[in-house]
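The values are calculated or read from the model by the stated rules, or taken from the named source; none is laboratory data. None of the values given here were measured: they were computed from a predicted structure. We place every Cβ from the backbone using ideal geometry, glycine too, and count neighbours over all the protein chains shown. These accessible areas exclude ligands, DNA and RNA; they are computed on the full protein's heavy atoms, side chains included. Shrake-Rupley method; radii C 1.70, N 1.55, O 1.52, S 1.80 Å.
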Amino acid sequence: MRQAGQGQSRHYRAAVCTELKQPLTIQEVAPRPIGPQEVRVDVHFCGINFADNLVCRGQYQEKPPLPFTPGMEFSGVVLEAGADVSTVKKGDRVIGVSNFHSMAEQCITDQKTLWRIPENVSLQDAAVLPVSYGTAILAVDHRARIQPGETVLVTAAAGATGLAVIDVATNVFCAKVIAAAGSDEKCKLAMQRGAQSGVNYSQGSLKDAVKKLVGSSGVNVAIDMVGGDVFLDSLRSLAWEGRIVVLGFAGGNIASVPSNLLLLKNISAMGLYWGRYQHQDFAVFSKSMSTALQYCQQGLIHPHTGAVFKLEKVPCLHLCRAGWITYMLAYDLFRE
């Protein structure tokens, strides 16, 4: 295992997808020179998301050409900064986002996509903030505009983003969260992370279960990541002037919206593709990152890591398989 902080001229290891739907391989990669606006980072942790699973199967909306290195978010220490970089310097601890190339011992990214980590936030906690908590913050605040005391239904609640939504909605916005997941074990995890109640939608109607909890008035907000019938039940569980935010389709089915329900209850249905803000409205994107770091620094949120693995264990995890895992892992790429 190479030592931390070795020179940027040395080769480094990366997890590489050479063929879709096949296990990743660990390869030695030659570093390239950085541009004037770029930063080379010594990666310590790389968060693993459902999108990494999809992209390695060729099922994500973005399809990088083969071969490629997955990994959308990371934390580490700046090794080298380009001539025109003004936001970070060598030795700074940073988190960053990348377009599927951070599951490696080094990565190069534009200075705009790096944020310095506060002293009291660990590299491991910081690594899982960008995708899950960036999404959660925009879903809860920017899109749904959740108010204190409102009731929020979160589906796929034991996934990385689901747990982040629960954390932000409960501990920052003082909302009441109903966690919906596909097993009692997942519901238990979601409740341990702050949800007031849990619903196992594999055991019956989600709509009926929610009605037993809140009555006929319904929930104020639904954050759905499953799609299909779960989305429809979530929509039908909304209160007057309720809001539903679609974050994904982990169940594999995309439902058609019955627009009559939107009309009868004055419901707002909206989507959130967090990564798109990086290109369409960078100010909003950047604010979600700085806000996540601020909440973490203040102790308002508590990121959850399902497990930690060394880089060489990546091929054993079969990232390319469907349904591989639904909550956050972080790879410790740092040397022992």
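Entry remark, the range 113-140: residues being more than 20 Å from residue 98 (Cα to Cα), in contact with a Leu (Cβ under 8 Å, 6 or more places away or on another chain) and open to solvent by 10 Å² or more (accessible area, probe 1.4 Å) number 1 in total. Annotation: of all residues in the range 1-35 being more than 20 Å from residue 82 (Cβ to Cβ), of a type in the set (D, E, K, R) and outside any strand (DSSP E or B), the one that is modelled with the lowest pLDDT is 2.
Only one of these is of a type outside the set (D, E, K, R), farther than 27 Å from residue 59 by Cα and at pLDDT below 95: 261, 317, 329, 300. Name it.
Working: 317 fails: farther than 27 Å from residue 59 by Cα; 329 fails: farther than 27 Å from residue 59 by Cα; 300 fails: at pLDDT below 95.
After applying the criteria, what remains is 261.
Do you know which residues across the range 9-28 are touching a residue at least 60 places away in the same chain (Cβ under 8 Å) and either among the hydroxyl-bearing types (Ser, Thr, Tyr) or open to solvent by 40 Å² or more (accessible area, probe 1.4 Å) (or both)? Hits for the range 9-28 are 12, 13, 20, 21, 22, 23, 25, 26.
Taking the numbered list (1) in contact with a Pro (Cβ under 6 Å, 6 or more places away or on another chain); (2) among the charged types (D, E, K, R); (3) more than 22 Å from residue 131 (Cβ to Cβ) in turn, residue 90 passes all entries but (1). Taking the criterion of being part of a loop (DSSP other than H, G, I, E, B), among the hydrophobic types (A, V, I, L, M, F, W, C) and touching a Gly at 6+ places or on another chain (Cβ under 8 Å), the residues of the range 51-106 that qualify are 72, 100, 103.
Would you confirm, using the coordinates I've provided, whether residue 268 is at pLDDT below 95, of a type in the set (Gly, Ala, Ser), over 30 Å from residue 115 (Cα atoms) and open to solvent by 20 Å² or more (accessible area, probe 1.4 Å)? Reasoning before the result, please.
Working: at pLDDT below 95: no; of a type in the set (Gly, Ala, Ser): yes; over 30 Å from residue 115 (Cα atoms): yes; open to solvent by 20 Å² or more (accessible area, probe 1.4 Å): yes.
It is false that residue 268 is at pLDDT below 95, of a type in the set (Gly, Ala, Ser), over 30 Å from residue 115 (Cα atoms) and open to solvent by 20 Å² or more (accessible area, probe 1.4 Å).
Could you list, in sequence order, all residues of the range 221-232 that are closer than 12 Å to residue 245 by Cβ and of a type outside the set (Asp, Glu)? Lay out the reasoning, then the answer.
Filtering the range 221-232 for residues closer than 12 Å to residue 245 by Cβ gives 221-225, 231.
If the condition is that a residue be closer than 12 Å to residue 245 by Cβ and of a type outside the set (Asp, Glu), then 221, 222, 223, 225, 231 are the ones that fit.
Exactly one residue out of 143, 93 is in contact (Cβ under 8 Å) with a residue 60 or more places away in the chain, within 23 Å of residue 287 (Cα to Cα), open to solvent by 10 Å² or more (accessible area, probe 1.4 Å) and touching a strand residue (DSSP E or B) at 6+ places or on another chain (Cβ under 7 Å), and it is 143. Taking the conditions (1) out of contact with any Pro (no Cβ under 6 Å at 6 or more places or on another chain); (2) more than 16 Å from residue 292 (Cβ to Cβ) in turn, residue 174 satisfies each one other than (1).
Please list, ordered by residue number, the helices (runs of 4 or more DSSP H) wholly in the range 132-231 having 3 or more residues that are within 30 Å of residue 72 (Cβ to Cβ) and not aromatic (Phe, Trp, Tyr).
Working: elements: 134-137, 160-171, 184-192, 206-214.
Once the helices (runs of 4 or more DSSP H) in the range 132-231 are filtered for at least 3 residues that are within 30 Å of residue 72 (Cβ to Cβ) and not aromatic (Phe, Trp, Tyr), what remains is 134-137, 160-171, 184-192.
Residues that are on the phi > 0 side of the Ramachandran plot and touching a Phe, Trp or Tyr at 6+ places or on another chain (Cβ under 9 Å) within the range 228-247 comprise just one, 228. Checked against the criterion of being open to solvent by 20 Å² or more (accessible area, probe 1.4 Å) and within 15 Å of the chain's Cα centre (by Cα), the range 149-157 has at least one qualifying residue.
Of the set (1) part of a loop (DSSP other than H, G, I, E, B); (2) hydrophobic (A, V, I, L, M, F, W, C); (3) modelled with pLDDT of 95 or more, all apply to residue 41 but (1). Taken as a whole, the range 46-56 holds at least one residue that is open to solvent by 20 Å² or more (accessible area, probe 1.4 Å) and closer than 26 Å to residue 135 by Cα.
Restricting attention to the range 211-250 and to residues that are at pLDDT below 95 and hydrophobic (A, V, I, L, M, F, W, C), the residue that is nearest to residue 160 (Cα to Cα) turns out to be 250. One residue stands out among those in the range 273-307 that are surrounded by 19 or more Cβ atoms within 10 Å (Cβ to Cβ) and not in a helix (DSSP H, G or I): the one that is farthest from the chain's Cα centre (by Cα), which is 301.
So, in the range 164-188, exactly how many residues are open to solvent by 10 Å² or more (accessible area, probe 1.4 Å), within 27 Å of residue 52 (Cα to Cα) and either of a type in the set (Lys, Arg) or in contact (Cβ under 8 Å) with a residue 60 or more places away in the chain (or both)? So the count comes out to 2. Each residue in the range 118-154 was checked for being over 30 Å from residue 211 (Cα atoms) and among the aliphatic types (A, V, I, L, M), and 7 of them qualify.
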